[in-house]
Amino acid sequence: MDSAAIVSIDTRKLDSQLADGEAPIPLFRSVLKQTREALDKQFTEGAPVEQLVHARARAVDQVLQRIWPLCFTRHTEDIALVAVGGYGRGELHPCSDIDILVLLKQSNTSDLQDEIEKFLTTLWDVGLEIGHSIRSLNDCVSAAIEDITIATNLMESRLIAGSAELLHDLQQQTGSQAIWPSRAFFAAKWEEQIQRHHKYHDTAYNLEPNIKTGPGGLRDIQMIGWISKRHFGAATLHDLVTHNFLSEREYRALMDGQSFLWQIRFGLHSLTGRGEERLLFDHQRTLAIRLGYQDSEHELAVEQLMKRYYRTVMELSRLNEMLLQLFQEQILHADEPGEPIPINAHFQARKGFLEVTDPAVFRRHPSALLELFLTMEQHPELNGVRAETIRLVRDHRHLIDEKFRASRQNRELFLQILRQPRGVTHELRRMNRYGILAAYLPEFGRIVGQMQHDLFHVYTVDEHTLVTLRNLRRFTVPQYAHEFPLCNRIISHLPHPEILYIAALFHDIGKGRGGNHSELGAVDAEKFCTDHALGPYNTSLVTWLVKNHLVMSMTAQRKDISDPDVIHDFAAGVGDIDRLNHLYLLTVADIRATSANAWNSWKNALLVELYNGTKHILRRGIANRPLQQERIEVIKAQASQQLRRHTLPKPDFETLWDSFDDDYFLRYSADELVWHTCAILGCNEAELPLVLMRQTTRRGGTGIFIYTRVEENLFAHTASLLEQNGLTIVDARIITSRNGYTLNTLTVLEQDGEPISSSQRVHEIMASLHQGLKQPGTGQVTRRVPRQLKCFPIPTTVSFTTDKTNRHTIMEVVTADRPGLLARLGFALREHGAAIQNAKIATIGERAEDIFFITDDINRPIDNPELLNRLAETIKRYLDC
């Protein structure tokens, strides 16, 4: 489609209609509406977005230029209509703000007040979303001196109507020769970008990115343009090629990146009907389809769109970093002495930055492409890499081929990078930014920008991998030892921590290919270890870690680790303490790298308990399987000793204990037995239900203990009350005594994933539970479903397996997370007479993956297929309504 086809306003016809006396406001509204619809249609037909963006700006120009003389008929030499900001650049997306400046020669506007008001009212009447300011020439200069943002907007000023001389004076008085010289301007804009990036946690890899102001977004491209204009007087970004600041290929990459982001922005505005700059889940799927992406066998259309987005913003971030480094050297450090300080044959330091000793270094010695990062690790006094050297790295990435990767020298260099005492994470991130990590590890290159369209994985796979590695490195730093003391102790005794780092690099490298990513990654990891001559033991360890990196997390969160058989089976799968140490460290680092909210005290406590229990069995010997009765006797003896100190008569608590099955003593610690026993024996029937709370427990959350007569729907009512109080249940253990009482123990967390911290809140919740369980209500939870959850409809699936050894049926429910979920599940179960004995509650982003250990009313497994089918259908009816 050529540019002539884009222009949609027939100015001759418009002028003729105005001359014939047609009412201007309806006419302009109609023209703008037709233009908007025509541009939207041309966008869906694949017209170049650059032409559409400029065409809309031209259309607005043409309308404003015709409204202006209808409002201003006198003093025209004293006033000008000026486009500023994006509109000043001639760029308007469908719902972009149209920023204008009404520029006055004098501050006194009384003579023009009526005309200005009429003009602005007309703009609103014709449907233009105007952002306007009214300033005199002197006011503009004063404001620009005070505010770098205003100075930046005025740099992009463009005359629409009125006095050209007035605009010329403004440009002269706000140019770099008058205010904000290029050095001060660059320093201020650079700090502005740093602060802006901080708002997005300094990463472009956000689940719902802001395409305008996020890292690698459109603002970063504009930043380069502003500095170019201020320092060089450049009219376009291509002028940087003339000034040897950009190569033609880099310029093309900038323009291609801008074009892609413009496509997304234009589509977002058209889709939402507003100036939406956030690529929200609500719009990602629809936009992917509109832009022509289609689901493939292994990748959704939306994942393909987002992968291209993340790769684009990464490339733009690389260019932004390199160009700002060039500007820094040219503008901020130009006057500083810069004699090179030799480091080695290939590199030297200049003004605190690393550079090559010769522009031909990489061509002559390709291994220097890895040596650069090792040198940065070994010289922490360096502030970074000089821009010209970054450019040389980018230009020579193609030298990393099969021959390069097969070189013993290069393989040793890569391992040395991983073995350094400091800077490993920092330099691996730099390697990723420069494209070297993907070149050296092609498997890693396939996961760059790879996202998973869910709420659990907030990072792309490559970013998650590097965050996992960062977490592992943090365990080694003494000043952070207090955060994870067990991890710090374990990792400090590992003879080769780089083995763990390699496992981290490969643990998710198989994602996006289809199939089991752990198994695919294990194959890649084994080849890497073999190629890098790590030896049979380390190769086997890394391969095993990658293949089993999810096992410890799944065991801790989805199985009953109070069951000795569960711990024993896990220990048998691990095999030895060295594997256990490595797996525990990788598991903690991996979970914490999933999202800011993925880690909490409950998961920490579960993993520590599983680690300690497994380590005990491995030391004792897997063949020496512990006897249940032996464990029960030990726990009873420990609890009896404590209870005697409480002066409780032995017959009293032994009589109480006689009413409990063995399961009770296997699921609770001696300390918990004492807590329960003292409370139960100290209350009478009239005081039931007995509700106790501990703000923090060994399980990492707030513990709630409820003792009362067996009542129908007790779990459902309890879950409802807790959810109404904003609490999340993560674990539930339910014991029914032989004499008709129930002992429910629940572990809960606040919405932020932490235990309850306020004593007052504990008392309020205890009162709410006591009152609510005495007089159960409807059990309805009225909290609204969060916006993001609505974007991920997940059909409910229910599956059953029978555990005859432990005399219960294991029910797994996978469904969309929502308020009131557990209460609904509880009511559905009781409808069929099913009793919950234990529950493991796991929320993974938008997915609830809950495990329930259930029995019938007389504590037998439910193995009737017809009954289980009816139960599954009832659950789906309760949850999918």
Item to check | Fully extended contour minus Cα-Cα distance, from Gln65 to Lys636, at 0.36 nm per residue | outcome: 196.5 nm
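For the stretch 274-410, what does the alpha-carbon gyration tensor say about shape, rounded, prolate or oblate, given a ≥ b ≥ c as the root eigenvalues, a/c under 1.5 as rounded, and a/b over b/c as prolate?
Note, shape of the stretch 274-410 comes out oblate.
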Item to check | Alpha-carbon radius of gyration plus Dmax, which is the widest Cα pair, for the stretch 514-583 in Å | outcome: 13.7, 42
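Using the structure shown, select from Lys840/Lys876; Lys229/Lys351; Lys547/Lys876; Lys118/Lys229; Lys547/Lys840; Lys527/Lys559 the pairs with a Cα to Cα distance greater than 31 angstrom.
Numbers: Lys840/Lys876 19 Å; Lys229/Lys351 26 Å; Lys547/Lys876 34 Å; Lys118/Lys229 35 Å; Lys547/Lys840 24 Å; Lys527/Lys559 33 Å.
The pairs that break the limit, which is 31 Å between Cα atoms, are Lys547/Lys876; Lys118/Lys229; Lys527/Lys559.
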Next on the checklist: Given contacts defined as C-alpha pairs under 8 Å and at least six residues apart, what's the relative contact order of the stretch 542-672, whole-number percent?
Outcome noted: 30 percent
Checklist outcome for this item: So, with points 7 Å from each Cα along the Cβ direction, the His832-Glu873 label distance in nm works out to 1.0 nm
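Enter the accessible area per residue of the chain (Å², integer; probe 1.4 Å; all protein chains in place). Could you put the intermediate results ahead of the total?
Details: 37890 Å² over 881 residues.
Each residue of the chain exposes 43 Å² on average to a 1.4 Å probe.
Using the beta-carbon distance between Arg644 and Lys199 and R0 = 41 Å, what value does 1/(1 + (r/R0)^6) give for FRET efficiency, to the nearest 0.05? Each step should come with its number before you reach the end.
Numbers: r = 60 Å, r/R0 = 1.45.
The pair Arg644/Lys199 has a calculated efficiency of 0.10.
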Item to check | Residues whose placed amide H lies under 5 Å from that of Thr802, excluding near-sequence neighbours | outcome: Ile810
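Rg/Rh for the stretch 63-215 to two decimals, with Rh computed the Kirkwood way over all alpha-carbon pairs.
With Rh from the inverse mean 1/r over Cα pairs, Rg/Rh is 1.03.
Rounding to the nearest 20 debye, state how big the charge dipole of the stretch 381-532 is about its Cα centre with +1 on each Lys and Arg Cβ and -1 on each Asp and Glu Cβ. Each step should come with its number before you reach the end.
On the way: 21 positive and 18 negative charges, 77 e Å.
Its charge dipole is roughly 380 debye.
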Checklist outcome for this item: Amide H neighbours of His132 at under 5 Å, excluding residues fewer than 5 places away on the same chain, with H built from the backbone geometry, are Ile100
Checklist entry - Any idea which of Ser540, Trp68, Ala835 is furthest toward the positive side of the dipole for the chain, if Lys and Arg beta-carbons carry +1 and Asp and Glu beta-carbons -1? => result Ser540
Checklist entry - Which of Gly217, Ser247, Ser228 sits closest to the plus end of the dipole of the stretch 214-304, meaning its Cα is farthest towards the positive end, when Lys and Arg get +1 and Asp and Glu get -1 on the C-beta? => result Ser228
Next on the checklist: Run the simple label-point estimate for Ser296 and Gln172 please: 7 Å along Cα→C-beta, distance reported in nm.
Outcome noted: 5.9 nm
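For the chain, give the magnitude of the charge dipole about the Cα centre (Cβ charges: +1 Lys/Arg, -1 Asp/Glu; no others), in debye to the nearest 20. Numbers along the way, then the final one.
Numbers: 98 positive and 112 negative charges, 291 e Å.
Roughly 1400 debye for the chain.
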Checklist entry - Leaving out ligands, DNA and RNA, what percent of the accessible area of the chain is carbon and sulfur, probe 1.4 Å? => result 49 percent
Checklist entry - Can you pull out the GluC sites (Glu not before Pro) in the stretch 480-572 that DSSP calls coil and that have at most 14 other Cβ atoms within 10 Å? => result Glu483
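Beta carbons within 10 angstrom, averaged per residue: use that to sort the peptides 163-175, 712-724, highest first. All intermediate terms of the calculation are to be shown ahead of the outcome.
Working: 163-175: 16.6, 712-724: 21.9.
My ranking of the peptides, most packed first, is 712-724, 163-175.
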Checklist entry - Around Asn806, what is the net charge, scoring Lys/Arg as +1 and Asp/Glu as -1 over all other residues with Cβ under 9 Å from its Cβ? => result -3
Checklist entry - Quick one: helix 137-146 against the long Cα principal axis of the chain, what's the angle to the nearest 10°, folded into 0 to 90? => result 30 degrees
Next on the checklist: How high is the relative contact order of the chain? Use alpha-carbon pairs under 8 Å, at least six apart in sequence, and give a whole percent.
Outcome noted: 6 percent
Item to check | Between 0 and 90°, nearest 10: helix 49-71 axis offset from the chain longest Cα axis | outcome: 60 degrees
Item to check | Efficiency of FRET between Trp599 and Ile343 - r from beta-carbon atoms, R0 30 angstrom, step 0.05 | outcome: 0.15
Item to check | Cα lying deepest toward the dipole's positive end in the stretch 608-736, options Thr696, Thr614, Ile706, charges on Cβ | outcome: Thr614
Item to check | 0 to 90° range, to nearest 10: angle between helix 301-327 axis and the chain longest Cα axis | outcome: 60 degrees
Checklist entry - Let a ≥ b ≥ c be the square roots of the eigenvalues of the Cα gyration tensor of the stretch 373-435; is it rounded (a/c under 1.5), or, if not, prolate (a/b larger than b/c) or oblate? => result oblate
Item to check | Charge dipole (debye, nearest 20) of the stretch 41-197; +1 at Cβ of Lys and Arg, -1 at Cβ of Asp and Glu | outcome: 360 debye
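Add -39500 (n - 2.57) for each DSSP H run of 4 or more in the chain, then divide by its residues: what number comes out at 222 nm, to the nearest 500 deg cm²/dmol?
Working: 41 runs with 480 residues, N = 881.
So the calculated ellipticity at 222 nm is -17000 deg cm²/dmol.
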Next on the checklist: What does the extension gain come out to for Arg709 and Arg738, with contour length at 0.36 nm per residue minus their alpha carbon separation?
Outcome noted: 9.3 nm
Checklist entry - Hey, with R₀ at 30 Å, roughly what FRET efficiency would Arg252 and Ala360 work out to, going by the Cβ-Cβ distance, to 0.05? => result 0.75
Checklist entry - Can you list the HN-Hα couplings for the stretch 677-689, worked out from phi with the Karplus curve (6.51, -1.76, 1.60; θ = phi - 60°), rounded to whole Hz and with x for Gly and Pro? => result 4, 4, 5, 5, 5, x, 10, 10, 4, 5, 8, 5, x
Checklist entry - Each residue of the stretch 538-552 in turn: what ³J(HN,Hα) in whole Hz from Karplus with 6.51, -1.76, 1.60 and θ = phi - 60°, glycine and Pro shown as x? => result 5, 4, 5, 5, 4, 4, 5, 4, 5, 5, 10, 5, 9, 5, 5
Checklist entry - In whole Hz, what ³J(HN,Hα) sequence does the stretch 26-35 give by Karplus (6.51, -1.76, 1.60; θ = phi - 60°), x for Gly and Pro? => result x, 5, 5, 4, 5, 5, 5, 5, 4, 5
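Using the Cβ atoms and a cut-off under 14 Å, what net charge is assigned to the surroundings of Asp61, where Lys and Arg are +1 and Asp and Glu are -1? Show your work: numbers first, answer last.
On the way: positive: Arg56, Arg58, Arg66, Arg89, Arg158; negative: Glu91, Asp99.
Combined, the nearby Lys, Arg, Asp and Glu give +3.
How big is the shadow of the Cα convex hull of the chain, averaged over all directions, in nm²? Before the final figure, lay out the partial values.
Numbers: hull surface 181.5 nm².
Mean projected area for the chain: 45.4 nm², to one decimal.
Once you sort the root eigenvalues of the Cα gyration tensor of the stretch 175-267 as a ≥ b ≥ c, which label holds: rounded (a/c under 1.5), prolate (a/b larger than b/c) or oblate (the other case)?
Details: a/c = 2.32, a/b = 1.28, b/c = 1.81.
Note, shape of the stretch 175-267 comes out oblate.
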Item to check | Full-stretch length increase - Arg698, Arg29 - with 0.36 nm per residue and alpha-carbon distance subtracted | outcome: 234.1 nm
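Provide the net charge surrounding Leu112, with neighbours chosen by a C-beta distance below 9 Å and charges set as Lys +1, Arg +1, Asp -1, Glu -1. Don't jump to the answer; show the numbers that get you there.
On the way: positive: Arg74; negative: Asp78, Asp111, Asp114, Glu115.
Summing Lys/Arg as +1 and Asp/Glu as -1 gives -3.
Could you tell me the relative contact order of the stretch 61-158? Use alpha-carbon pairs under 8 Å, at least six residues apart, and round to a whole percent.
Working: 117 pairs, mean separation 34.3, N = 98.
Reported as a whole number, the value is 35 percent.
The values are calculated or read from the model by the stated rules, or taken from the named source; none is laboratory data. From a predicted model like this one, the values you see are computed outputs, not experimental measurements. For neighbour counting, all protein chains shown are included, and Cβ atoms are generated from backbone atoms with ideal geometry for every residue, glycine included. Please note that ligands, DNA and RNA were not included when accessible areas were found on the heavy atoms of the full protein model with its side chains. Shrake-Rupley method; radii C 1.70, N 1.55, O 1.52, S 1.80 Å.
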